[in-house]
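Asks: Have a look at this one.
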Amino acid sequence: MLPYPADTLIRRVRALHEQIRSEVRAQLLQYSADWLAQATESADGDTQFRIDVQVENLLLQFCEQWAQEVPFVLVAEGISEDGWLSLPRGTNTDKAQFIMVVDPIDGTRMIMYDKRSAWCLTGIAPNRGRQTTLADIEIAVQTELPTSRQCVVDTLWAVRGGGAFGERQSLWDGSTTPFRPKPSSAKDLRYSFASFANFFPDGKAWLAALEENLYRQLRSMDIKGNPLVFADQYLSTGGQIYELIVGHDRFIADLRPVAFRQLGYTEMPLCAHPYDICTELIAREAGAIITDEYGRQLQTPLDIREPVAWVGYANPALRDLIEPALLRLLHGDSER
């Protein structure tokens, strides 16, 4: 059981996200891309850049103040060796009232070059200790971190069993418009965005071959040279989830951990971690389906070093169309 009503937790998280959004926007307006993109360190989860530093300080300050009211565990990059920090500092983990996993800037590489929105992500789960997983998250909020050229931003949130909600805000006058996010209801992939994440050189050829084989089996390749499926390499897991939720994308697969295992990597190159996909609850509450590489609900422990493979379908009909062929390609006859 969580210590506050869901609405109270959502308001508190949104206040944090708004502070982070203001800080990121201020940095974009003040500093050059070359300065923001300088690496400061390589943490267990991902490389940290200059744009991350002040945001992480802001996150810690906000959470330390909040923890004066109620003890909780913060899970994020850059705050400790394993990403877990009990607040107030020194509190035993078993005394925490909830666990909050945060990615303050998901899509750092996009936003530090002012190319495309990043996202601030938060998931809140009851404290089940180190056994707490993505499946335990009961509240999720994600807030758009816009480029310097944008004038509107979106925020999405969900409570387990309560549906998904959204709000669009004008950066000119602060006015807001509520909306209900709705994934695509299409029953096939014709003339749509559907993507396999292959952002970096590692595993790219393996993933591209899997993608092509899948679309051949689904008969979704070109017709007379005209492509039926378009790829969008949005370098932000939260951004990919958003595109699925609002109906822009019909299918997304991030199977980098599977590729790396198949290729015999002894060390896992950069891939998604639990903090990157801690808001997948919003997609499920909106009607989309998110699974692991076996077609099961994500149940990855909230460990910043744990790799996550995931697949997203906009609706059940698309899952029925795509999943059998995908699982056969990944696992042969033993799909689940």
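The values are calculated or read from the model by the stated rules, or taken from the named source; none is laboratory data. Bear in mind that the values here come from a model prediction, so they are computed numbers and not experimental data. Glycine gets a Cβ as well: all are built from the backbone with ideal geometry, and neighbour counts include every protein chain shown. Areas reflect the complete protein model, heavy atoms only, side chains present, ligands, DNA and RNA absent. Shrake-Rupley method; radii C 1.70, N 1.55, O 1.52, S 1.80 Å.
Asks: In contact (Cβ under 8 Å) with a residue 24 or more places away in the chain and either within 27 Å of ASP292 (Cβ to Cβ) or in the same structural domain as ALA33 (by the TED database) (or both): which single residue out of ILE79, ILE111 fits that description?
Replies: Selected residue: ILE111, the only one of ILE79, ILE111 that is in contact (Cβ under 8 Å) with a residue 24 or more places away in the chain and either within 27 Å of ASP292 (Cβ to Cβ) or in the same structural domain as ALA33 (by the TED database) (or both).
Asks: So, in segment 2-24, exactly how many residues are touching a Pro at 6+ places or on another chain (Cβ under 7 Å) and open to solvent by 20 Å² or more (accessible area, probe 1.4 Å)? Before the answer, list the steps.
Replies: Pass one, segment 2-24, residues touching a Pro at 6+ places or on another chain (Cβ under 7 Å): 2, 20.
After this cut, where a residue has to be open to solvent by 20 Å² or more (accessible area, probe 1.4 Å) as well, the list is 2.
Going through segment 2-24 one residue at a time, the tally reaches 1.
Asks: In segment 160-215, how many are on the phi > 0 side of the Ramachandran plot and assigned to a strand (DSSP E or B)? Step through it out loud before you land on a result.
Replies: Pass one, segment 160-215, residues on the phi > 0 side of the Ramachandran plot: 161, 163, 174, 191, 203.
With the extra rule that they be assigned to a strand (DSSP E or B), the set shrinks to none.
The qualifying residues number 0.
Asks: Which of the residues spanning segment 125-138 are among the aliphatic types (A, V, I, L, M) and out of contact with any Leu (no Cβ under 6 Å at 6 or more places or on another chain)?
Replies: Answer for segment 125-138, where residues must be among the aliphatic types (A, V, I, L, M) and out of contact with any Leu (no Cβ under 6 Å at 6 or more places or on another chain): ALA125, ALA135.
Asks: Also, I was wondering about something else. Take the residues of segment 238-292 that are acidic (Asp, Glu) and open to solvent by 10 Å² or more (accessible area, probe 1.4 Å): which is nearest to the chain's Cα centre (by Cα)?
Replies: ASP276
Asks: Can you confirm whether segment 61-75 contains a residue that is open to solvent by 10 Å² or more (accessible area, probe 1.4 Å) and over 30 Å from THR133 (Cβ atoms)?
Replies: No, segment 61-75 contains no residue that is open to solvent by 10 Å² or more (accessible area, probe 1.4 Å) and over 30 Å from THR133 (Cβ atoms).
Asks: Let me ask something additional. When you scan segment 19-50, how many residues do you find that are β-branched (Val, Ile, Thr) and modelled with pLDDT of 95 or more? Break it down into steps so the answer makes sense when it comes.
Replies: Filtering segment 19-50 down to residues β-branched (Val, Ile, Thr) leaves 20, 24, 40, 47.
Filter once more, keeping what is modelled with pLDDT of 95 or more: 20, 24.
Residues that pass the stated criteria total 2.
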